[in-house]
Structure formats: C-alpha cells, structure tokens
Amino acid sequence: MSEYQYVAFRAVDRALDDKQLEFAAQQSSRSELSRWEMSVEYHYSSFGGDVDGLLQCGFDVHLAYANYGCREIKLRLPSGLPFSKSRLKPFLNCDGIAWKKDPKGKAGILKVCPFLEPGEIEDVWDFDDYLDSLAKVREQLIGGDLRALYLLWLCAAYDDNEDPEQTIEPPVPHGLDTMPSGSSDLLPFFGLDPLTLRAAADGVPKLVPQTDEEDPIQEWSRSISEARSRALLRRLLKEDPASLKAELLAEIRDSGSAADWPTTVRGHSLDELLLSANELREKANAAKRKKELARAKREAAKAEKERQTRMEKMKASPKTWLAKAEKTVAARGTENYKAAAEILADLREAIGGEKGKKLAHNCAEKMAKAHPTLSMLKSSLRKRGLLN
C-alpha cells in the first residue's frame, strides 16, 4: 500500500483576512485553499508548512491523517484552556495530549496525537465529519465544558505506547452521557468506539441544570455597569463576535462567578473502559440483529400476503398474467427475467395440478424459443423448474 496523508485546517470563528490568506498560500503550493478552509493530500511526500503558524494566523482547528498510523488534531483556543492548573493536570497525564500556551496572552493550542502502530486501527475517510466534530468540541472547551476535555483525554490515552491497564482516567465530568450531538463523532478518528463515552458515563451523575439565580452569566451581567454594557454592545457590532464571546466567558470564569464543573472520581483504567464499551457494543449489535430479524419477518409476511392476493387474481385471469410475463421479458434485463419466471411459478401454483403446470411450462418454452440467445432468461426459468 502506498503512503497517503491528508492535512486540513478550518476557520470556525471568522474568515481569513487577506494577510492571513497570503500566509496560508505560502505554506503549500498544492493545497485547496479558501478563506474558511485549507486541505492537501499527499501520496509520496508530506506537509512542510507551519501548522502552529496557520493556527495562530486565522485557522481554528487542524486535522492530520496518514494511513501508516499518524492521527493528530489541534485546536486554537483564543482565551486559553478555561480550567485551573489543578483541574487540568489529571487530563494531561499521558504523552498524547499537550497544551502549548502562546508566549504572550492567554491563547494557545491544544494538541492530541497518540502513537498508533501502522494497521492497528481502521482507516478513515470522512474527514469533513471529523472536522465538524472537532469544531463542536472546541466550542465546548471555550464554554468551559469539562466533558470535552474528558473526550480528548480518551482519544489521547488510546495509545500503543501506553499500558491501558495502567492508564487511569481523570475525574469524570457529570453529564457525560448527554454530550452535545456530534462531539463524540470524533472518537472513531482515533480508533475508539463512540460507546466508550457511554461506558465512561456509567454510574456518573447527570448534570443538574442551573437555575437563573445560579447562572454565572446572569450574575455577571447584573454586576457590570450600563456604560460597560454599551461599550460591549459597540464591540459586538464592530469587532469579532466569536473572539469577544470567548473573552467574556474567560472573564466570567476568572471573576469566580462560575462554579467548577462537578466530577466524580472513580479511578477506572482505560482497559476497564474499553472492556465495558465492548460489552455495550455486543448488546447493541444483538439488539440490532433482533430488530432486523423482526423487520425481515414482517416484510416476509407482507410479501407473502401480497403474493397470495396476486395468485387469487391469477386464478381469475391466467391469460392476463401470461401476457404480463411475456411483456416483462420483452423489456430485457436480468431482473425482468427473474420477475417473469416468478410470475409463471406463481401462476403454476395458483392454477394448480397438471393444468397449472402445463400452462406455465408452455409459456416458458415459448419465451425460450422466442429469445434463444438470452441465457439469463433460460437460467431464471430453470431455477424455477419451468424448463427441462
């Protein structure tokens, strides 16, 4: 198998300006580039551009894939990771995940890149879907949603350099079973079953909705002056709304208004989570097979009822159905030949006895003689016992 690499960037908050677009164009002469996206495929070389530079100059998320094992994502967070160092530490307990803060300001880049042996996990191709999911995870992180960080820890911990029995999960965020739609779609990119998240959520409390009085945004909005409110409104209309939102959410968290995301410490190993996910998948597959079998039985019963109704009509007017079989054959095509043979077989059964047999077989022989070169027609008729 030849090497295949795919590299993509996406702007989420705003389109690239002219200067940013020019910088992006300089990073690869082969890329497909717009103000919102950049992507490039390689078969015999690799991307030599400045990944972090592109994330610092307009793009918000990055994804890299190679069929020899490399899977990497990066997220640009304009106001940093919204968690305290003590809260963050257990989520960065493996080599596959790292936070790199900018030299100045709060912004930085969160990277997830576990080591995976070539051929260890299945190839993936739906890169736009994974970029969509990555953008949703980034949105959660900006909003201070600890569940998104747990999901990224799972992706990083599934690493061939890590012992899954020795890799212990961080505190589990409450509400993990109700992750926003689409976020968990990122897991298969790193070879994980989406049910791993459900396994991790087992036994963990649900997230209790905040009341208006407990809402930190409500509390903060009441604390700012009217003049500040007007100034923020002007900025909202003139500047970048996404950056302003991230900045204000960070300010609310720094003010102490926002409570820490509730967690439960269980200390499960990654190996336990993977085993639980496998059990859930087996149950899900069994339920799916049962459902498919029930549907197949219903469809078979419906088809048989329709066949019996058709056979009643055949009894009343056999010549009509003989003509229909001949017309079906004249339309040509393998499916039509099968359909014509089915009509004759049902007609034989509907009329019954020697009369039914003779009627159907005579018509079959007539069609075979009329179309001597149609081997598929003859095969269909023989399979139904209509030709010697």
Worksheet item: Excluding same-chain residues fewer than 8 positions from LYS288, which lysines have a Cα within less than 29 Å of its Cα?
Response: LYS136, LYS206, LYS297, LYS302, LYS305
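Taking the Cα centre of region 268-354 as origin, work out the dipole magnitude from +1 charges on Lys and Arg Cβ and -1 charges on Asp and Glu Cβ, in debye rounded to 20. Don't skip to the answer; put the middle values down first.
On the way: 21 positive and 15 negative charges, 92 e Å.
That gives region 268-354 a dipole magnitude of about 440 debye.
Over 24 Å, how big is the tail of the calculated P(r) for region 258-388, in percent of all Cα pairs? All intermediate terms of the calculation are to be shown ahead of the outcome.
Numbers: 4487 of 8515 pairs.
Of all Cα-Cα distances in region 258-388, 53 percent exceed 24 Å.
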Worksheet item: Can you tell which of ALA341, ALA66, ALA370 shows the greatest fluctuation in a Gaussian network model of the chain with Cα springs below 10 Å?
Response: ALA370
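Cα-based Rg of region 158-204 per 2.2 N^0.38 Å, rounded to two decimals? Each step should come with its number before you reach the end.
Values: Rg = 11.6 Å, N = 47, 2.2 N^0.38 = 9.5 Å.
Working it through for region 158-204, the quotient is 1.22.
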Fill in: Peptides ranked, highest mean first, by Cβ atoms within 10 Å: ranges 304-313, 151-160
151-160, 304-313
Worksheet item: Where Lys and Arg each count +1 and Asp and Glu each count -1, what net charge lies around PHE47 among other residues with Cβ under 12 Å from its Cβ?
Response: -2
Worksheet entry | Of all accessible heavy-atom area on region 40-133, the percent that carbon and sulfur account for (1.4 Å) | 49 percent
Worksheet item: Using unit Cβ charges (K, R positive; D, E negative) and no other charged atoms, how large, in debye to the nearest 20, is the dipole of the chain about its Cα centre?
Response: 3320 debye
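Evaluate E = 1/(1 + (r/R0)^6) for GLU365 and LYS305, where r is the Cβ-Cβ distance and R0 equals 30 Å; express this FRET efficiency to the nearest 0.05. Walk me through the numbers before you get to the answer.
Numbers: r = 31 Å, r/R0 = 1.04.
E between GLU365 and LYS305, to the nearest 0.05, is 0.45.
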Item to complete: Quote the accessible area belonging to LYS245 in square angstrom, nearest 10, computed with a 1.4 Å probe and with ligands, DNA and RNA left uncounted.
Response: 120 Å²
Item to complete: Quick one: accessible surface of LYS291, probe radius 1.4 Å, all protein chains present, in square angstrom to the nearest 10.
Response: 140 Å²
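Taking a ≥ b ≥ c as the square roots of the Cα gyration tensor eigenvalues, with a/c under 1.5 meaning rounded and otherwise prolate when a/b beats b/c, else oblate, which class fits region 1-132? Provide the component values of the computation, followed by the final result.
Numbers: a/c = 2.12, a/b = 1.10, b/c = 1.94.
Here region 1-132 falls in the oblate category.
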Practice prompt. Quote the accessible area belonging to ILE121 in square angstrom, nearest 10, computed with a 1.4 Å probe and with ligands, DNA and RNA left uncounted.
Written response: 30 Å²
Worksheet entry | Principal axes of region 78-130: Cα extent on each, largest first, Å | 39, 25, 18
Worksheet item: Roughly how big is region 69-133's charge dipole about its Cα centre, with Cβ charges of +1 (Lys, Arg) and -1 (Asp, Glu), in debye to the nearest 20?
Response: 1000 debye
Discussion item. Which residue fluctuates most in the GNM of the chain (Cα springs below 10 Å): GLU349, GLU72, GLU165?
Written reply: GLU349
Item to complete: Using a 1.4 Å probe over the heavy atoms of the protein chains, calculate the carbon and sulfur portion of the accessible area of region 293-375 as a whole percent.
Response: 55 percent
Fill in: Charge tally in the Cβ shell below 12 Å around GLU279, where Lys, Arg are +1 and Asp, Glu are -1, GLU279 excluded
-1
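Please calculate how many Å² of accessible area the chain carries per residue, with a 1.4 Å probe and no DNA, RNA or ligand atoms counted.
On the way: 21600 Å² over 388 residues.
That works out to 56 Å² per residue.
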Worksheet item: GNM on the chain, C-alpha springs below 10 Å: top fluctuator among ALA231, ALA287, ALA11?
Response: ALA231
Item to complete: Distance from a point 7 Å along Cα→Cβ of TRP99 to each backbone N in region 133-170: keep the residues under 17 Å and list them by number.
Response: 137-157, 170
Item to complete: Find which of ASN285, ILE343, GLN26 sits farthest along the positive direction of the dipole of the chain, computed with +1 on the beta-carbon of Lys and Arg, -1 on that of Asp and Glu, about the Cα centre.
Response: ILE343
Worksheet item: Per the Kirkwood treatment, what hydrodynamic radius in Å, one decimal, follows for the chain from the mean inverse distance over all distinct Cα pairs?
Response: 26.1 Å
Item to complete: Amide H neighbours of ILE97 under 5 Å, at least 5 residues apart or on other chains, H built in the peptide plane: list them.
Response: CYS113
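The values are calculated or read from the model by the stated rules, or taken from the named source; none is laboratory data. The model shown is predicted, which means the values in this text are computed figures rather than measured ones. Positions of Cβ are generated from backbone atoms using ideal geometry, with glycine treated the same way; all protein chains shown enter the neighbour counts. Ligands, DNA and RNA are excluded from the accessible area calculation, which covers all protein heavy atoms including side chains. Shrake-Rupley method; radii C 1.70, N 1.55, O 1.52, S 1.80 Å.
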